Amino acid sequence: MKTLLESLGSIARQAGDGLVLRPRSERELASALMVLRDRQLALGEGVTLDRGGFDRLGRLDDRSMTIDVGAGVPVRELETRINLQRLTLGALAPAAWDATVGSLVEDPSLGFRVIVPGRLEPLAVRVTGVLPDGAVVTSSPGPRHAVGPDLASLLIGGGGVLGLVTSATLRLMPLPQDEQRRLYSFASHADALEALRESLSAGASFARVVVRGRAGRIIVEVTVRGSAGQVERELALIGRCAESTSGRFEGQGREAEVDGAAHEVTWSDVASALAQGASVELFRVSLSTVIARGVGVRTFVPPSPLMRSLKDVFDRARVLGRLP
Amino acid sequence: MTIAPLAGNALPPPRAGVLDAQAALAAIVQGRLSTKQLDRVSYSRDMWPLAMVWLRQGRVPPPPDAVIWPGTDDEVAKVIRLARERRLAVIPFGAGSGVCGGTVALHGGLSLDLKRFDGIGQIDPTRRCVDVGAGVMGETLERRLEARGWTLGHFPSSIAMSTVGGWLAARSAGQLSTRYGKIEDMVLSVRGVLGTGERFETPERPFDGPDLSQLLIGSEGTLCAFTGVRLRVHPRAEARVFRAFDVPSVERGLELIRRVLREGLRPAVVRLYDPFDTVLVGRQKPASAHRSPSRRSGFEATVLPGLLKTLASQTLGRPKLLNPLAQLAKKSRLVFMFEGEAKHADAEDRAAAAACLSMGGHDLGEGPAREWFHKRYDVNFRLPRLMESGTFVDTMEVSASWDVVQDVYERVRAAASSYALVLCHFSHAYAEGCSLYFSFVGSAPSEEAIEERYQALWRSALSAATSAGANVSHHHGIGLLKARAYQDSLGEGRHALATLKRLFDPDGIMNPGKLGL
Ligand SMILES: Cc1cc2nc3c(=O)[nH]c(=O)nc-3n(C[C@H](O)[C@H](O)[C@H](O)COP(=O)(O)OP(=O)(O)OC[C@H]3O[C@@H](n4cnc5c(N)ncnc54)[C@H](O)[C@@H]3O)c2cc1C
C-alpha cells in the first residue's frame, strides 16, 4: 500500500510531524480530500492546508467593480494592486487585512461589507470552492438571484467547515477621495447609539466609530469616507441625526483608538460595555451587528442542531475538521 | 418535464392515500381541510402564464387532492410527519401569485395553505425588527408597519396578492430594492418546519458558521414550509423625491445608472425602459379605468374579445414584423426616486441629476416619475385582459454584471423576437450589475400552437441570457418553468442541492418536481 505522502503526490510535503497540502487546482484539492477521507484523516489534525497555490489575480472588471481572485492571495497585497486602479475593498475590520482571500470570504464576520441603509452583504459576489465529497461548486452569477437555496452560503461565511473556498469574485468600491472625522457628544450612551443607528437607516455609512464617556457626556467620533460629494452629504445627514437625539457637535475629532482584539457583537453588547464605562471602537458598522474593540467576547454558543446536521451530511467523515 | 393538464369539467377523485389519511389530517387541523372540487381547482395553479393559457383552453393543471389550513407550527409539523408516513406530497401555498408554476400539484397530495400564519408582532424600535407570520399578505404588512411609522421597504408589484412566506420561498424583489434590498437581505432569521417534520428556527448574527437562513430561503417549498420570519424594518421615509430623464439610448441609460451607484448614491427606485417599453409606459390607463368582467357591457364581454383575438393572432402572431418597429423608437426613459430623510433625499436627487445632465440626459422633471409611482401596481389589471384576447404574456427577469448587461439585452432580444413582441426594462440596480426584466407578448394562429411557441420562446430566451453571462432568475424563482435551465446551470452544485434535499426532505414529499428536485 502506498504511503500517505505517495498517495498525495506533489501536493503534499512533510513539515515537522505533520503534512502540508498545497494544491494548485480544485481537482487537486478534491483528490487530496478524498485521500484524507479514505485514511480517516482530517485537516487541522496533523494536516495543514496551504491555499497559496490558488494565487491567481484574475480579471479586474472596472465597470462592475469586481475582481476574480484566488483564495491564497493575501488581502493586503490584493488591496495594494487594486488601489493602483483607484479601487478598494472598502473599510474592512482590522483583522481582514491580515487574512488571505479564502479565509476572508469564509469568515462569518469579516467577509461582509456594509451597504446603504446599514445592510450587510458578502464581499464575494460569486465564489468557487470544493465540498468535502470533492464536488466543485460555483455560485450563480449576477449581483443577486432567485435560483433556489443559496449554495454559496456553504462556502461564504462558512468558516471552512462545510467547504473550502478556492477563488472568489470580490466586490470593490472606488478609492475614497476624501476622509473626514467629526466629534459629537450625547446625554447618554442610549442616545449615542440611537443616533448611529438612525444615521445608518437614513443612508450614512461609517468607516470607523469610537464611543467613550467624558465628563458626564458620551463622546462619539465618526469617520466617513467616500467621494467628496458623498462625504459632504453623509456628514450633513449624520449631523442632523445626531441633533435629533441630544447630540452636540464638538469639532473635527482626532483619531482616537481603543486597544484589544475586535470581534462581531450586537448593539446590545455594545450598550452593555458602554454602561460599564468601557470605550469602544467600531468597524463594519451595520444595523444588525458591528465588529468592536472594547466589548467583552461573547459566551460560546454551541452550533445549532441545523448546523450539526449539515455537517453530518456534507462532511460525515469530518475531513474538514470537527465542529466546536 | 411534461405536464398533462386535465381536460373537461370533472376532476378525478382525490387519491386513495389522501382519502385514507383525511380523517387523521383533519383532526390535526381541527377540520380545516377540503377535498371539494372548487378548492382543488383553485389551488391547482398559481399565476404561471402557461397555466392561465390552459385555463383559457378549458384545461386544469394537475390539482392537489386536498387543501389543508394549519394554524400553528405544531400543526404544520404534524401534517408533514403524517404526510411523510403516508408518502403524500405537500405543496406549501402562499397566495398563488408565483409565475413559474411553483404551486402546481404535479403528484397531487396536499396543498398546505399557510395564510393562517397571519400574526404581526410588536416592532422592536431599538433592534429595528419585527416578527411576522409567513401567511401575512404583503399589503397588510406594509400598511400595518406604515401606521406605526415604519416600513419594510419591500414593494413587489404583486404586494396585494402575495404572502411573506411566498416572498421568502421565491427570493422576491420589490420596486424599492435598490435601497432596501431583496427579501433575503431583510431577513434576520426564519422559522418553519422541514420536510422531516422537524421544527427549526435559524440563528441570528453573530454567526459561528454560515448563514443558515440563506440555505432555506429560495427553496420554493422543496425543503421546508416557512411559518414565520424576523425582518429588518426602517423608519418610514420622511420624503420622496422623483425625477425622470429621457436618454438617447439604452446603453447611455445603463451607463448613467452605473455611474450614479458608483458615486455612492442609493435611489430607492431606478428604472430604465428600453425605447419600445418607453413608448408603452407613457400610455397606461389608470387602474380605475379597468373594469372587472362582470361589469363589462355586452359588446365588451362578447364581441370585443373575439375581435381582439383575431387581431392578436394577426399582429402578435407575427413578431418578426412587429419587433423591427422598435428601431423607430430611439429614446429611453429613466426614472429615479430617492426617499428617506428629506434633506438627504434632496441632496441625492441633485447629485444624480447633475450626473445625468452631464451625460446627455434630458430632464423631464418629476411628472413622469410620479406617474410611474402612481400606476406602479397596474400590471395586475392589464394581465388578465391581455390573456383574454388569445395571447400569452410572460416576463423573464435575470441579472448580470455591468460588463455584460448590454450584451444580455441584445442577445435575448434577438433570440426572443421570432416568438413574441419583446420589451425590456432595467431595474433592481446594484453597484456591480442590475436586473433585466423582459416582457414577452405573443400569439399563434391557433390555441394549440400557442403552447409550442411559448415553450420555444422560453428555451431560446433563457439560453441566450445565460450564455451571455446572466443568471437564470433574479426574483421570480424557478418553479417548473425554469427547472431544466436551473439544473443545467448548477454544474456540480447539483450534488450539493441534492444533499440539502436528502437532509431536509429525505422522502421527497416537499413540492416534488419544483427546482427540478
Ligand atoms: C402581476 C404580478 C406581479 C408580480 N410582481 C412581482 C414583483 O414585483 N417582485 C417579485 O419578486 N415577484 C413578483 N411576482 C411574483 C410573485 O408575486 C412572487 O413570486 C411571490 O413571492 C409569490 O408569493 P405567494 O405568496 O403568492 O407564493 P405562491 O405563489 O403561493 O408560492 C410561490 C412558491 O413558494 C412556495 N411557498 C409559498 N409559501 C411558502 C411558505 N410559507 N413556505 C415554503 N414555501 C412556500 C410555493 O410552494 C411555491 O413554490 C408577481 C406576480 C404577478 C402575478
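The values are calculated or read from the model by the stated rules, or taken from the named source; none is laboratory data. Treat the numbers as computed from the prediction; the structure is a model and nothing was measured. All Cβ positions, even for glycine, are placed from backbone atoms using ideal geometry, and neighbour counts span all protein chains on display. Ligands, DNA and RNA are excluded from the accessible area calculation, which covers all protein heavy atoms including side chains. Shrake-Rupley method; radii C 1.70, N 1.55, O 1.52, S 1.80 Å.
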Q. Charged (D, E, K, R) and near the ligand (Cβ under 9 Å from one of its atoms), is that true of residue B:171?
A. yes
Q | Pick from the stretch A:274-286, criterion outside any strand (DSSP E or B) and open to solvent by less than 10 Å² (accessible area, probe 1.4 Å), ranking: farthest from the other protein chains (Cβ to nearest Cβ) | A | A:285
**Q.** Verdict on residue B:85 being away from the ligand (no atom under 13 Å from the Cβ), free of Cβ contacts under 8 Å to residues at least 24 places away in the same chain and either within 14 Å of chain A (Cβ to nearest Cβ) or out of contact with any Ser or Thr (no Cβ under 9 Å at 6 or more places or on another chain) (or both)
**A.** yes
Q.
Taking the conditions exactly as written (touching a Pro at 6+ places or on another chain (Cβ under 7 Å) and open to solvent by less than 30 Å² (accessible area, probe 1.4 Å)), does residue A:199 satisfy them or not?
A. no
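For the stretch A:218-264, how many residues are touching a Pro at 6+ places or on another chain (Cβ under 7 Å) and either outside the structural domain of residue A:192 (by TED's automatic domain parsing) or over 16 Å from residue A:180 (Cα atoms) (or both)?
Here is the first cut: in the stretch A:218-264, the ones touching a Pro at 6+ places or on another chain (Cβ under 7 Å) are A:225-227, A:262, A:264.
Add one more test, that the residue is either outside the structural domain of residue A:192 (by TED's automatic domain parsing) or over 16 Å from residue A:180 (Cα atoms) (or both), and what stays is A:262, A:264.
Counting residues in the stretch A:218-264 that are touching a Pro at 6+ places or on another chain (Cβ under 7 Å) and either outside the structural domain of residue A:192 (by TED's automatic domain parsing) or over 16 Å from residue A:180 (Cα atoms) (or both) gives 2.
If you go through the stretch B:107-134 one residue at a time, how many are assigned to a loop (DSSP other than H, G, I, E, B) and open to solvent by 30 Å² or more (accessible area, probe 1.4 Å)? Before the answer, list the steps.
Looking only at the stretch B:107-134, we keep the residues that are assigned to a loop (DSSP other than H, G, I, E, B), and these are B:107-109, B:114-119, B:125-128, B:134.
Still in the list and also open to solvent by 30 Å² or more (accessible area, probe 1.4 Å): B:107, B:115-116, B:118-119, B:125-127.
Going through the stretch B:107-134 one residue at a time, the tally reaches 8.
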Q. So residue A:90 fits all but one of (1) over 16 Å from residue A:152 (Cα atoms); (2) in a loop (DSSP other than H, G, I, E, B); (3) under 10 Å from the mean Cα position of the chain (by Cα); (4) not charged (D, E, K, R); what number is the exception?
A. (3)
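With the stretch B:347-466 as the region, which strands (runs of 3 or more DSSP E) entirely inside it contain at least 2 residues that are surrounded by fewer than 17 Cβ atoms within 10 Å (Cβ to Cβ)? Can you show your working first?
Values: elements: B:362-365, B:392-401, B:421-430, B:433-442.
Hits in the stretch B:347-466: B:362-365.
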Q. What about residue B:192, is it near the ligand (Cβ under 7 Å from one of its atoms) and outside the structural domain of residue B:376 (by TED's automatic domain parsing)?
A. yes
Q. So which residues in the stretch B:464-492 are facing another protein chain (nearest Cβ under 7 Å) and acidic (Asp, Glu)?
A. B:492
Q | Single condition residue A:76 does not satisfy, out of (1) within 16 Å of the chain's Cα centre (by Cα); (2) open to solvent by less than 50 Å² (accessible area, probe 1.4 Å) | A | (2)
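May I ask you to say which residue of B:184, B:255 is surrounded by fewer than 24 Cβ atoms within 10 Å (Cβ to Cβ), within 8 Å of another protein chain (Cβ to nearest Cβ) and not in a strand (DSSP E or B)? Let's see the steps before the verdict.
On the way: B:255 fails: within 8 Å of another protein chain (Cβ to nearest Cβ).
Of B:184, B:255, the one residue that is surrounded by fewer than 24 Cβ atoms within 10 Å (Cβ to Cβ), within 8 Å of another protein chain (Cβ to nearest Cβ) and not in a strand (DSSP E or B) is B:184.
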Q: State whether the residues of the stretch B:143-164 include one that is open to solvent by less than 20 Å² (accessible area, probe 1.4 Å), part of a helix (DSSP H, G or I), in contact with a strand residue (DSSP E or B) (Cβ under 8 Å, 6 or more places away or on another chain) and not β-branched (Val, Ile, Thr).
A: yes
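Kindly evaluate residue B:315 against the criterion of being of a type in the set (Ser, Thr, Tyr), modelled with pLDDT under 95, in contact with a helix residue (DSSP H, G or I) (Cβ under 7 Å, 6 or more places away or on another chain) and open to solvent by less than 90 Å² (accessible area, probe 1.4 Å). Steps first, please.
Details: of a type in the set (Ser, Thr, Tyr): yes; modelled with pLDDT under 95: yes; in contact with a helix residue (DSSP H, G or I) (Cβ under 7 Å, 6 or more places away or on another chain): yes; open to solvent by less than 90 Å² (accessible area, probe 1.4 Å): yes.
Here the answer is yes, as residue B:315 does meet what is asked.
For the stretch B:474-486, check the following and say yes or no: at least one residue is over 22 Å from the mean Cα position of the chain (by Cα) and not assigned by TED's automatic domain parsing to the domain that holds residue B:165.
Going residue by residue through the stretch B:474-486, those that are over 22 Å from the mean Cα position of the chain (by Cα) are none.
The answer is no, given that none of the residues of the stretch B:474-486 is over 22 Å from the mean Cα position of the chain (by Cα) and not assigned by TED's automatic domain parsing to the domain that holds residue B:165.
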Q: Pairs only if they're at least six apart or on different chains, beta carbon under 8 angstrom, first in the stretch B:219-240 and farther than 11 Å from residue B:132 by Cα, second open to solvent by 10 Å² or more (accessible area, probe 1.4 Å) and among the β-branched types (Val, Ile, Thr); list them, first residue then second.
A: B:221/B:103; B:233/B:123
Q | Given (1) touching a strand residue (DSSP E or B) at 6+ places or on another chain (Cβ under 6 Å); (2) more than 9 Å from chain A (Cβ to nearest Cβ), number of the condition residue B:504 does not satisfy | A | (2)
Q) Just one of the numbered conditions (1) away from chain A (no Cβ under 14 Å); (2) in contact with a strand residue (DSSP E or B) (Cβ under 8 Å, 6 or more places away or on another chain); (3) within 11 Å of the ligand (Cβ to nearest atom); (4) open to solvent by 10 Å² or more (accessible area, probe 1.4 Å) is not true of residue B:99; which one? A) (1)
Q. Any idea how many residues of the stretch A:35-54 are open to solvent by 50 Å² or more (accessible area, probe 1.4 Å) and closer than 16 Å to residue A:129 by Cβ?
A. 0
Q: For residues that are under 26 Å from the mean Cα position of the chain (by Cα), of a type outside the set (Lys, Arg) and more than 15 Å from the ligand (Cβ to nearest atom), tally how many sit in the stretch B:35-75.
A: 8
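Mind telling me which of the residues B:155, B:93 ends up being within 13 Å of the ligand (Cβ to nearest atom), in contact with a Leu (Cβ under 7 Å, 6 or more places away or on another chain) and more than 30 Å from residue A:194 (Cβ to Cβ)?
Details: B:155 fails: more than 30 Å from residue A:194 (Cβ to Cβ).
Just a single option satisfies the conditions, and that option is B:93.
Test residue A:106 against the criterion of being within 16 Å of the chain's Cα centre (by Cα), acidic (Asp, Glu) and crowded, with 23+ Cβ neighbours inside 10 Å, and give yes or no. Talk me through it step by step, then tell me what you get.
Numbers: within 16 Å of the chain's Cα centre (by Cα): yes; acidic (Asp, Glu): yes; crowded, with 23+ Cβ neighbours inside 10 Å: yes.
Judged against the criteria, residue A:106 is a match.
For every residue, the table says whether it meets (1) in a loop (DSSP other than H, G, I, E, B); (2) β-branched (Val, Ile, Thr); (3) away from the ligand (no atom under 16 Å from the Cβ).
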{"site": "B:175", "(1), (2), (3)": "yes, no, no"}
{"site": "B:197", "(1), (2), (3)": "yes, no, no"}
{"site": "B:203", "(1), (2), (3)": "yes, no, yes"}
{"site": "B:206", "(1), (2), (3)": "yes, no, yes"}
{"site": "B:229", "(1), (2), (3)": "no, yes, no"}
{"site": "B:237", "(1), (2), (3)": "yes, no, yes"}
(Q) I need the full set of residues from the stretch A:229-261 which are open to solvent by 50 Å² or more (accessible area, probe 1.4 Å) and within 26 Å of residue B:349 (Cβ to Cβ), in order please. (A) A:232, A:240, A:243, A:244, A:249
Q | The one condition in (1) open to solvent by 60 Å² or more (accessible area, probe 1.4 Å); (2) part of a helix (DSSP H, G or I); (3) within 16 Å of the ligand (Cβ to nearest atom) that residue B:78 fails to fulfil | A | (3)
Q) With respect to residue A:296, is the statement that it is in contact (Cβ under 8 Å) with a residue 24 or more places away in the chain, within 14 Å of another protein chain (Cβ to nearest Cβ) and open to solvent by 20 Å² or more (accessible area, probe 1.4 Å) true? A) yes
Q | Residue list for the stretch B:321-344, filter: of a type in the set (A, V, I, L, M) and buried (at least 22 other Cβ atoms within 10 Å of the Cβ) | A | B:334, B:335, B:337
